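*Asks:* Encoded as structure tokens, here's the structure I'll be asking about.
The values are calculated or read from the model by the stated rules, or taken from the named source; none is laboratory data. Nothing here was measured: the structure is a model prediction, and the numbers come from that model. In this analysis, Cβ positions are derived from the backbone assuming ideal geometry, glycine residues included, and neighbour counts consider all displayed protein chains. Ligands, DNA and RNA are stripped out before the accessible areas are found, and what is left, the full protein with its side chains, is counted by its heavy atoms. Shrake-Rupley method; radii C 1.70, N 1.55, O 1.52, S 1.80 Å.
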Amino acid sequence: AVFYLLNKLEQGDEIQVYFHGVRHDYAVEELRVVSAGDVSYFAKQTQEEILVLQTCYPPGTTWKRLLVVARPIDK
């Protein structure tokens, strides 16, 4: 249920993640719906840092997955 509303995010929205007490800021770059068994996007495809959040799609089902891809915001 934590990621239930990820489908409300839009390109350019900001995401803040805290890791070891340090805040990391990201901007949503794309939303992508994939099959439930598709894990290819999690294979490293670039040397750049990206954040990928995953949830069920449509919410509450196991039919597909929604991926939210975000990149760090330079501050």
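*Asks:* Per-residue accessible area for THR62 at 1.4 Å probe radius, Å² rounded to 10?
*Replies:* The value for THR62 is about 110 Å².
*Asks:* Any idea of ARG65's accessible area? Nearest 10 Å², probe 1.4 Å.
*Replies:* 50 Å²
*Asks:* Taking the Cα centre of the chain as origin and charging only Cβ (+1 Lys, Arg; -1 Asp, Glu), how large is the dipole, in debye to the nearest 20?
*Replies:* 280 debye
*Asks:* May I ask for the longest run of the chain untouched by chymotrypsin sites (Phe, Trp or Tyr not before Pro) that are loop-located per DSSP and have at most 14 neighbouring C-beta atoms (other than their own) within 10 Å?
*Replies:* 5-62
*Asks:* For the range 9-75, what does the relative contact order come out to in percent, with C-alpha contacts under 8 Å and a separation of six or more?
*Replies:* With pairs under 8 Å counted, the relative contact order is 35 percent.
*Asks:* A further question on this structure: Considering the dipole of the chain built from charges on the beta carbon (Lys and Arg +1, Asp and Glu -1) around the Cα centre, which of CYS56, LEU31, VAL68 is farthest to its positive end?
*Replies:* Final value for the positive-end residue is CYS56.
*Asks:* Amide H to amide H, which residues 5 or more places from LYS64 or on other chains are under 5 Å from it, using H placed in the peptide plane?
*Replies:* TYR57
*Asks:* Okay, moving on. Could you list the GluC sites (Glu not before Pro) in the range 1-63 that lie in coil according to DSSP, counting only those with at most 11 other Cβ atoms within 10 Å of their Cβ?
*Replies:* GLU10, GLU48, GLU49
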